[in-house]
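Just below is one structure, and these are the notes that go with it.
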Amino acid sequence: MARIVALTGATGFIGSVLRQRLLHLGVHVRALSRHSGGSEDATEWVHGGLGDIDALDELVAGADAVIHCAGAVRGASSDEFNQINTEGSVRLIESARNAGTCERFLLMSTLAARYPGLSWYASSKYAAEQQVRSAARDVAVTIFRPTAVYGPGDREMRPLFEWLLRGWLFTLGESESRLSFIHVEDLANAVLKWLVAPEAPSGTYELNDCQQGGYDWSSIAAIAAEIRNGPVHQLSIPTPLLRGLAWFNLYFSRLFHRAPMLTPAKVRELTHSDWSCSNGPIQKALGWEPQILLSRALQERWF
Ligand SMILES: NC(=O)c1ccc[n+]([C@@H]2O[C@H](COP(=O)([O-])OP(=O)(O)OC[C@H]3O[C@@H](n4cnc5c(N)ncnc54)[C@H](OP(=O)(O)O)[C@@H]3O)[C@@H](O)[C@H]2O)c1
């Protein structure tokens, strides 16, 4: 077991769950935060961001393992994504490498990195994967590419699941598009398996909830219909309308200096036709298997 684990993104949705799970395991968690103040638990907080080399050096000093979960998931330009997701990741691996104690480094990438041309986000995460690997030298780098992550604490998918269980499914893109999901607790289990593995595997691994071939919109509607014992109406949002809203949102976000989630680039991601993936390689490397299918999470309102 690692003695000190350095964690980034610990204030975010996935990172908060990881931090709790690591503390529960008895790990010494040292976490990066841009906010002042900390938490009333055993976390050792380091104040700073991914642009602050001193903070990164302090974060990784003496750490055996680094879990890099910080990232920009919204932004108004490719530069905003690149500065945080690519350049920030490279700065962190360089600090970890220079510290001399870090044996393993986990980069939380995304399934979107499969298609770097799709969006600013996808391209910045793909570049991070490449550049972290080439800067790592003798630090073992593992890359996780989870699909859409949901669970308690998530604010993006929760409203959609709530509408779904009220009988309304908002669909995007083609009716036969393949989607996939993973519950945040299953993702955290995979990270813990990685941490305690005798050797960190050096691959790039996709992770989903094990639904073979993913879901199409109709299968999601059918799951919800069974749970609520009533009809689920599919409401298709036309892509040109979505694109128009995205341009409008991007324009106003730039005007008011805000980081938007819905942009034309994001629309390309959202309407992509195939987000199915396979857990085969990570199951083989770490013996990890997800436990929570979407149907169970919806049934138990575990999101
Ligand atoms: N959620 C998903 O469906 C999903 C799917 C695949 C991959 N991922 C990846 O998983 C990671 C975490 O995602 P999430 O959903 O948990 O996002 P989130 O809730 O938005 O959290 C992002 C975290 O990154 C931190 N962060 C952002 N910019 C930073 C900077 N410049 N310096 C230091 N910290 C910074 C945030 O800190 P502040 O609190 O200071 O803002 C926050 O802790 C991301 O790398 C994302 O690409 C997410």
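The values are calculated or read from the model by the stated rules, or taken from the named source; none is laboratory data. What you see is a predicted model; the values in this text were computed from it and never measured. Heads up, the Cβs are rebuilt from the backbone with ideal geometry, glycines too, and the neighbour counts pull from every protein chain shown. Areas reflect the complete protein model, heavy atoms only, side chains present, ligands, DNA and RNA absent. Shrake-Rupley method; radii C 1.70, N 1.55, O 1.52, S 1.80 Å.
Of all residues in the stretch 154-177, those that are touching a Ser or Thr at 6+ places or on another chain (Cβ under 6 Å) and of a type outside the set (S, T, N, Q) total 3.
Considering (1) modelled with pLDDT under 95; (2) of a type outside the set (Lys, Arg); (3) away from the ligand (no atom under 16 Å from the Cβ), the lone condition that residue 136 does not fulfil carries the number (1). The set of residues in the stretch 236-290 being open to solvent by 50 Å² or more (accessible area, probe 1.4 Å) and of a type in the set (D, E, K, R) consists of 243, 254, 258, 268, 274, 284, 289. Candidates 162, 226, 156: the one that is open to solvent by 10 Å² or more (accessible area, probe 1.4 Å), modelled with pLDDT under 95 and of a type in the set (D, E, K, R) is 156.
Quick one: how many residues across the stretch 117-133 are near the ligand (Cβ under 7 Å from one of its atoms) and surrounded by fewer than 23 Cβ atoms within 10 Å (Cβ to Cβ)? Residues that pass the stated criteria total 0. A search for C-beta distances below 8 Å between a residue of the stretch 263-286 that is under 19 Å from residue 204 (Cβ atoms) and part of a helix (DSSP H, G or I) and any residue that is of a type in the set (Ser, Thr, Tyr) and open to solvent by 30 Å² or more (accessible area, probe 1.4 Å), counting only pairs 6+ apart in sequence or on different chains, returns 269/121.
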